[in-house]
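> Right, I'll just put the structure down here and ask away after.
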Amino acid sequence: MLFNSFPFIFLFLPAALLGFFLVGRRAHRLAAAWLAASSIFFYGWWNPAYVILLLASIGCNFAFGAKLARLHAAGREPRAGRLLALAVAANLLLLGYYKYTNFFLANLGKLAAAPLAAEIVLPLGISFFTFTQIAFLVDARRGEAKEYNFIHYCLFVTYFPHLIAGPILHHGEMMPQFRDRAVYRLQWENIAVGLSIFLIGLYKKTVLADGVAEYVAPAFNAAAAGAAPTLLDAWGAALAYTFQIYFDFSGYSDMAIGLSRMFGILLPLNFDSPYKAASIIDFWRRWHITLSRFLRDYLYFPLGGNRKGAARRHLNLFLTMLIGGFWHGAGWTFVCWGALHGVYLALNHGWRSACQTLNFEPERLPGWRVFARLLTFTAVVVAWVFFRATDFNAALVMLKGMAGLNGFVLPERWLRYWGAFGRWLIEHGVRFAEMSLFGGGGQVNWLWILLLVCWAFPNTQQIMAAHRPGLVSPGYAPVTPGRWTWKPNLAWLAITAGLGIYALLAITGFSEFIYFQF
Amino acid sequence: MSPKRYTLALLVLLLLLLASAGAFNRIVDPFWYFRDVEIRGFNLDKPRFPRNERLVKSALVRKLRPEAVILGSSYAEVGLPATHAGFTGGGRLKPYNLSVSGGAWPEIYCYALFALAQPGLKRMVLGASGSAAASCAGYANLGDVDYAKLLLSQNALSASWETVRRQDGKPRVTAEGMWYFKRFEEKIRNDEDIMVNFANELRSHLCKAPQPDRGFDARRVNRSRPPADASTAGLRGIVRLALEKKVRLVLLIYPKHVLHYEMERQCGELEARWSELWNIVSLVEEEAGPDSPLIEVWDFYGYREVNAERVRAGKPMARRLWQDAGHFNHEVGAVAFDAIFPAGRAGSSAYGRKVSTRDFDRYIDDSESERRAFLPGHAWVQQELDELTRRSK
């Protein structure tokens, strides 16, 4: 079941909400169980067979966690360490089997010159519920996981707003909320705020992301098929994908946060206008915040973080991003995307250190911020090419196109409107031709409007800042109110209803979220 | 406003807006699915049907249960009249044109399997354009109706609005699924515009150096038996299913404009055309026998007036037989149907030919003779072809 589907919006969600608050009046624990059962139903809608896998994973991890906590409390650290290693290995093996078997088989097959593949269907959300539970195990071993209520734990893992594509939750921020009696009482403010956030997210997904999506595939598919997209084709598709993935994923996160808020539960914020970032370091503080947080706490810090010198810090950053890339997908293009961001981050940190050493403050230069934002944005777009391309060669072909090495052509149709200017361009060697990979004026309009939305508009949490839209992770920027702040008044009612009806009417069939595959 | 009032107002507003959109789309019925409210000047013309035909055509076949179906690409959709008296057995059979514009063979193949699986089907005209089997996994929902798309989508809403706004009396599509394509488009005003249409259509068929004096060697037509492999499995499957369901199946090789035929010849593609025809005919005879009353192959190749309308004829688009070198209008299709289904106007058409392997050579000879007799009296063919070649480049 997808958030952007009529059965979810008009059947599942009202039933889940109604049941939760009706049961919640009588027994909190039962209401939590109802929500967990609803979440399992939501998961099983896609493939009931994998519900068993999910429940087995939850049961085993809960048992491991409880045991780890007991060992820690008893001071039996070496044994706890061994058990943790075993539990984490079991989780990684499960993830590895479902997600990476075919990747390894395909590469083995290449080496052996014989195609190898296994028929494995990737369980939805496995990367997310594996990471969530690994964090729980590590914290149980450290004695930082405080609560061992099975229903709450089950709800923490299966909670449907986040189960499929995050945000990646931390038990420390969720369990206390499940314990809180106030959560189980219907509060209209939560419903009003949650519904508004959900509708904004739905609009981002069904109108903006799905709207620009049609401009992505032609050039990327052509590159995969061996064609050579020209400069405009390649940039058009790369930019379209840049916006598609942002509005798709941040739309999903908004929907998740909004849905959860309707139940009175705050989820961590996941996006903070990442394309406004003026550096790659800044970008990763704004993009998929809960993943960055997980990678920082459970990978980068254990690797040594920045405690072992500059060189080791850069290596740790690179490794963290490399693994982060591989987490996204079982393919070399994802590894490459992660590695590229690892290099970006290392360069960015290197640049900062150099500036500090030289006492140079580039931010003081006129236009620096615009330049830095443009440079960051361009670097991110280039990296997205690897993320989207079906294979490494296709990515290189796209990048060649973006570098102008496949030629520069303008759409023939534009000649009709450009008159003398068009003729002047032709005289100066510019070629006009029919372009099947570029959507012309329609695509240009989509791109500049979405760029404007990304750069000039406040994000969802800024709009909702007065009503605490979500949890801010420690070490991340607090939510600052934007130019427009949502209030339950007539103007916002009209705006939200307008966005909502537009988004609902844009739900046309099956449109998966990009992050479902991860 | 309290959060409670805001929430309730928002929910009511959303539901009201959604219900209004659904009701409006239901009444206007822009995709001609429901067919119960039809008011002249309000919703009788359906300007957005053609662009959305894949949404409803197969579902309409399931709903309307036609007994005589036409299937193919836009050539069939534009040019073959489902209401032809002969095709409908004098009005006894309920007809529908299930063709979809831009439909390549894999899609047509899946549509054909779907149509043949419907109960009550008695005859089918299939615009043959391939023979391989295709995966129909992407067409598993053929025949299903997506009410959300018909009633609760932006597409439906904008289509309804356009339907109500554009009731200008210009026919665009018939209730039986035939499409008028560009026939009544206002922006196609003169011969020059039609020449552009022809140039666009021929662009993909153009070779680098057409040779006006290129000969045709009938010996180079491949007459080997069609392979019994995946490349012919699709057409074989359709023929077998038609035989099993006792459906009269006519495989129709689309007529083309003489300019198209000349382009084919001058580019050296004519042998391939005849080879493909041989392949289809011999495959059908292998599967159904040489004189099957159920399965026939009809070809409408020919240098005759019905295929030879001048581009620079000074006729308005609406009164033409051909919209471009491939899209013929229903008047041409009617003449073709007169030949295939002569019940209505018995023996009135000598157009086209039911093809068999037995008289294949004679058919080629006759066609060549026809061309030799035709061209001297129609010098415009080469002139217009030269112009088109120049433009298509």
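The values are calculated or read from the model by the stated rules, or taken from the named source; none is laboratory data. This is a predicted model, so every value here is computed, not measured. Glycine gets a Cβ as well: all are built from the backbone with ideal geometry, and neighbour counts include every protein chain shown. Note: areas computed on protein heavy atoms with side chains; ligands, DNA, RNA excluded. Shrake-Rupley method; radii C 1.70, N 1.55, O 1.52, S 1.80 Å.
> How large is the charge dipole for the protein assembly as shown, taken about the Cα centre, if only the Cβ atoms of Lys, Arg (+1) and Asp, Glu (-1) carry charge, to the nearest 20 debye?
In total the dipole reaches around 2940 debye.
> How big is D, in µm² s⁻¹, for region A:242-311 by Stokes-Einstein at 25 °C and 0.890 mPa s if Rh is the Kirkwood radius over C-alpha pairs?
179 µm²/s
> Let me ask something additional. Averaged across A:4-13, how many Cβ atoms of other chains sit within 10 Å of each residue's Cβ atom?
1
> Can you tell me the dipole magnitude for region B:174-311 around its Cα centre, using point charges on the Cβ only (Lys, Arg +1; Asp, Glu -1), in Debye to the nearest 20?
Its charge dipole is roughly 200 debye.
> Classify the protein assembly as shown as rounded, prolate or oblate, taking a ≥ b ≥ c as the square roots of the eigenvalues of its Cα gyration tensor: rounded when a/c is under 1.5, otherwise prolate if a/b is larger than b/c and oblate if not.
Note, shape of the protein assembly as shown comes out prolate.
> Could I have the simple spin-label model distance between B:MET1 and A:SER436, label points 7 Å from Cα toward Cβ, reported in nm to one decimal?
Going by the 7 Å Cα→Cβ label model, 5.0 nm.
> In whole Hz, what ³J(HN,Hα) sequence does region B:168-180 give by Karplus (6.51, -1.76, 1.60; θ = phi - 60°), x for Gly and Pro?
Rounded to whole hertz, the list is 9, x, 7, x, 10, 7, 9, 4, 8, x, 8, 10, 8.
> Here's a follow-up. What total accessible surface area, summed over both chains, is buried at the interface between chains A and B, computed with a 1.4 Å probe and given in Å² to the nearest 100?
Separately minus together, A and B give about 2100 Å² buried.
> Averaged across the residues of B:9-15, what count of C-beta atoms belonging to other chains lies within 10 Å of each residue's C-beta?
Mean shielding by partner chains, rounded to a whole number: 6.
> While we're on this one: If you count, for every residue in A:189-200, the Cβ atoms of partner chains within 10 Å of its Cβ, what is the mean?
Shielding by partners across A:189-200 averages 3.
> Which peptide among A:46-53, B:34-41 comes first, and what is the full order, when sorted by highest mean count of other Cβ atoms within 10 Å?
Highest-to-lowest ranking by the protection proxy: A:46-53, B:34-41.
> Then there's this: Identify all lysines with a Cα-Cα distance to B:LYS122 below 19 Å; exclude those on the same chain that are fewer than 8 residues away in sequence.
B:LYS57, B:LYS63, B:LYS94, B:LYS245, B:LYS246
> Looking at the square roots a ≥ b ≥ c of the eigenvalues of the Cα gyration tensor of region B:170-280, which shape do they give, rounded for a/c under 1.5, prolate if a/b is larger than b/c, or oblate?
Here region B:170-280 falls in the oblate category.
> Within 10 Å, count the other beta carbons around each residue, average over each peptide in B:20-30, A:13-23, A:235-245, A:332-342, and list them highest first.
My ranking of the peptides, most packed first, is A:235-245, A:332-342, B:20-30, A:13-23.
> Name the residue from B:ALA21, B:LEU55, B:SER73 whose Cα lies farthest towards the positive end of the charge dipole of region B:1-87, charges +1 on Cβ of Lys and Arg and -1 on Cβ of Asp and Glu.
B:ALA21
> I would also like to ask the following. Loop-only GluC sites (Glu not before Pro) in region B:101-198, please: DSSP not H, G, I, E or B, and at most 10 other Cβ atoms within 10 Å.
Filter output for region B:101-198: B:GLU186.
> Moving on to the next point. Straight-line reach from A:LYS204: which lysines have a Cα under 26 Å away, not including same-chain ones fewer than 8 places off?
A:LYS276, A:LYS487, B:LYS4, B:LYS149
> Also: Starting from a Cα-only point model with no solvent, please compute log10 I(q)/I(0) by Debye for region A:156-283 at q = 0.14, 0.15 1/Å.
-0.73, -0.80
> Using only helices, what value at 222 nm comes out for chain A when you add -39,500 (n - 2.57) per DSSP H run of length 4 or more and divide by the total residues, to the nearest 500 deg cm²/dmol?
About -20500 deg cm²/dmol.
> Of the listed peptides A:165-171, B:247-253, B:51-57, what is their order by residue-averaged count of other C-beta atoms within 10 Å, with the highest listed first?
Answer by packing, highest mean first, reads A:165-171, B:247-253, B:51-57.
> In deg cm²/dmol and to the nearest 500, what is the mean residue ellipticity at 222 nm of chain B if only DSSP H runs of at least 4 residues count, each as -39500 (n - 2.57), divided by the residue total?
So the helix-based figure for chain B works out to -13500 deg cm²/dmol.
> Another question, if that's okay. Using a simple charge model, +1 on the beta-carbon of Lys and Arg, -1 on the beta-carbon of Asp and Glu, nothing else, what dipole does region A:96-218 show about its Cα centre, in debye to the nearest 20?
Approximately 200 debye in magnitude.
> At 37 °C and a viscosity of 0.692 mPa s, what translational diffusion coefficient does Stokes-Einstein give for region A:301-369, taking Rh as the Kirkwood radius over Cα pairs? Give it in µm²/s as a whole number.
In µm²/s, the coefficient rounds to 248.
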